[in-house]
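The values are calculated or read from the model by the stated rules, or taken from the named source; none is laboratory data. Remember, it's a predicted structure, so these values are computed and weren't measured experimentally. Using ideal geometry, Cβ is built from the backbone for each residue, glycine included, and neighbour counts are taken over all protein chains shown.
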Amino acid sequence: MNKLFFATALVCLLAFAAFAQKPADFSGKWNLDLTKSELGQQASMIKSQTLTITQSGTSFKVSTATERNAPPADAAGGGGRPGGMGGGGGEQSYTLDGKEVSTERQGQNGTVTTKTTASQTGNKIVISSIFPGPSGDIKSTTTYELSGDGKSLTVTRESPRGSSKSVYTKG
């Protein structure tokens, strides 16, 4: 009887452990909560921001749409330009297998190669990028962390320029 109980308990424990280790799915539309985010001076420039995440297996795509506030009327150059969608937009694609991927882009001074690695552990995705700068390589890290209930997404970014924290709610 004890052996049967022990075997049943072991099977349940292993099943629970396997379930607990299943990677979270970040897919969905996420709306920036400016009141919970720590964006520094950037916060005043953002009217709204939406992330659309598509995740399937090890494929992770993030599309960003940002609506900007109009600059103050007394800004340099006079009357200011109207706000609108733009800046901070675009789409990035990653493979969450932890392997380094090199991407080449045309920059002002020629071709720039960025090396990126991305991996997922449970409810956290970490993306590390290294690209050449004027004084050597520049490293940045972006971490996506999904809350336990799946209703909140926190994105932290760290680079030599500083750090920021963006908090999104599922839309």
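Side notes on the structure shown:
- On inspection, residue 139 qualifies as in a strand (DSSP E or B), of a type in the set (Lys, Arg) and either touching a His at 6+ places or on another chain (Cβ under 7 Å) or at pLDDT 95 or above (or both).
- Scanning the stretch 32-59 for residues that are surrounded by 14 or more Cβ atoms within 10 Å (Cβ to Cβ), of a type in the set (S, T, N, Q) and more than 17 Å from residue 156 (Cβ to Cβ) yields 48, 50, 52, 54, 55, 58.
- Among (1) modelled with pLDDT of 95 or more; (2) polar (S, T, N, Q); (3) out of contact with any Lys or Arg (no Cβ under 6 Å at 6 or more places or on another chain) - the single one residue 52 does not satisfy: (3)
- Members of the stretch 66-116 that are at pLDDT below 90, surrounded by 14 or more Cβ atoms within 10 Å (Cβ to Cβ) and in a loop (DSSP other than H, G, I, E, B): 70, 71, 80, 83, 88
- Residue in the stretch 32-44 that is farthest from residue 167 (Cα to Cα), counting only those that are free of Cβ contacts under 8 Å to residues at least 40 places away in the same chain and hydrophobic (A, V, I, L, M, F, W, C): 43
- Residue match in the stretch 140-162 (condition: exposed (fewer than 11 other Cβ atoms within 10 Å of the Cβ) and among the small types (Gly, Ala, Ser)): yes
- Of all residues in the stretch 146-163, exactly one satisfies the criterion of being in a strand (DSSP E or B) and at positive phi, namely 162.
- Taken over the stretch 120-136, residues that are more than 14 Å from the chain's Cα centre (by Cα) and part of a loop (DSSP other than H, G, I, E, B) amount to 3.
- Selected residue (only one of 147, 129 is out of contact with any Phe, Trp or Tyr (no Cβ under 9 Å at 6 or more places or on another chain), farther than 17 Å from residue 51 by Cα and modelled with pLDDT of 95 or more): 129
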